[in-house]
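Colleague: Take this structure first; my questions come after.
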Amino acid sequence: MEIYPVTLERDGDTILVSFLDIPQAHTFGNTEGEALARAVAALETAIAALMSDRKSIPRPSPARGRQTVALLPLSAAKIGLYRAMRAGRVSKAELGRRLKWHAPQVDRLLDLRHASRLDQLDQALRAIGKRLVIGVRGAVRSTSVVRAQRRRKPGPRLGRGARRVAA
């Protein structure tokens with residue numbers, strides 16, 4: 001997962017967000033939560049511009065107590081493919097030849113705004129000698145999540161002998 005540290009600064013009534021590792025990415029919000037929520041889109045937009053310009057994408061530096069913003073998992077996988085292609089000196093045209101795909105299919109696979117399928121990303125990574133690895137880790141529960149769960153209304157009563165199944 002790509003987790004980038006951010007700097008938050010108050011500017012009058014708004015909170016500005018900037019990224020140490022990707023100085024092109026900036027956004028703001030009226031509250032800290034709103035600013036951090038917008039930060040993912042700002043980060044993805046800046047990274048998409050770097051990819052469009054065929055530049056390297058900086059890896060996140062250690063948080064060292066700063067707030068962080070995590071890229072969406074699909075975006076992180078696409079960035080991993082982009083980095084692997086650059087490292088292996090594999091062009092989009094070459095990847096298309098290896099996969100027997102048309103150029104627009106490869107373009108969509110690297111487009112951070114396109115909802116690509118994970119099996120296609122895995123197929124592309126395998127074509128350049130890599131593979132997609134997915135994992136699940138425990139998360140720290142924020143107080144807002146705990147409060148939201150406490151406010152939930154109880155579900156419908158179950159009949160005799162029925163059991164609740166966790167989703």
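No lab work stands behind these numbers, since they all come straight from the coordinates. Worth saying up front: this structure is predicted, and the values here are computed from it rather than measured. Virtual Cβ from ideal backbone geometry, glycine too; neighbours counted across all protein chains shown.
Colleague: I'd like the trypsin sites (Lys or Arg not before Pro) in the range 61-130 restricted to DSSP loop residues with at most 12 other Cβ atoms within 10 Å, sorted by number. Could the numbers behind the result be given before it?
Modeller: On the way: sites: Arg64, Arg66, Lys78, Arg83, Arg86, Arg89, Lys92, Arg97, Arg98, Lys100, Arg108, Arg113, Arg117, Arg126, Lys130; in loops: Arg64, Arg66, Arg89, Lys100, Arg113, Arg117, Lys130.
Listed in order of number, the matching sites are Arg64, Arg89, Lys100, Arg113, Arg117.
Colleague: Given a Förster distance of 41 Å, report the FRET efficiency between Arg64 and Arg117 from their Cβ-Cβ distance, rounded to the nearest 0.05. Numbers along the way, then the final one.
Modeller: Details: r = 36 Å, r/R0 = 0.88.
Rounded to the nearest 0.05, the efficiency is 0.70.
Colleague: Show me, for the range 47-60, the HN-Hα J-couplings you get by feeding each phi into the Karplus relation (A = 6.51, B = -1.76, C = 1.60, θ = phi - 60°), rounded to Hz, glycine and proline as x.
Modeller: Those phi angles translate into 5, 4, 5, 4, 5, 4, 8, 6, 9, 6, 9, x, 7, x Hz.
Colleague: Once fully extended, how much extra length lies between Arg108 and Thr45, figured as 0.36 nm per residue of separation less the alpha-carbon to alpha-carbon distance? Let's see the in-between values first.
Modeller: Working: separation 63, 0.36 × 63 = 22.68 nm, distance 1.52 nm.
Answer, rounded to one decimal: 21.2 nm.
Colleague: In nm², what is the average projected area of the convex hull enclosing the Cα atoms of the range 1-70? Intermediate values should be presented prior to the final figure.
Modeller: Working: hull surface 18.1 nm².
That works out to 4.5 nm².
Colleague: Please work out the FRET efficiency for the pair Arg86 and Asp13, using the Cβ-Cβ distance as r and a Förster radius of 30 Å; give the result to the nearest 0.05.
Modeller: On the way: r = 41 Å, r/R0 = 1.38.
The pair Arg86/Asp13 has a calculated efficiency of 0.15.
Colleague: Right, here's the next one. Can you tell me the relative contact order of the range 1-70? Whole percent, Cα pairs under 8 Å, sequence separation 6 or more.
Modeller: Details: 115 pairs, mean separation 27.1, N = 70.
After rounding, I find 39 percent.
Colleague: Could you tally the net charge around Pro104, taking each other residue with its Cβ under 13 Å from the Cβ of Pro104, Lys/Arg +1 and Asp/Glu -1?
Modeller: Details: positive: Lys92, Arg108; negative: Asp107, Asp111.
So the surrounding residues net to 0.
Colleague: Taking 0.36 nm per residue of sequence separation and subtracting the Cα-Cα distance, how much length would be gained by fully extending the chain between Arg126 and Lys100, in nm to one decimal?
Modeller: Details: separation 26, 0.36 × 26 = 9.36 nm, distance 1.35 nm.
Using 0.36 nm per residue and subtracting the Cα-Cα distance, I get 8.0 nm.
Colleague: Moving on. Need one number: nm distance between label points at Glu34 and Ala139, each 7 Å from Cα along Cα→Cβ, rounded to one decimal.
Modeller: The modelled label-to-label distance comes out at 2.3 nm.
Colleague: What do you get for Rg/Rh of the range 72-137 when both radii come from the Cα atoms and Rh is the Kirkwood radius? Let's see the in-between values first.
Modeller: Numbers: Rg = 11.0 Å, Rh = 11.8 Å.
For the range 72-137, the value is 0.94.
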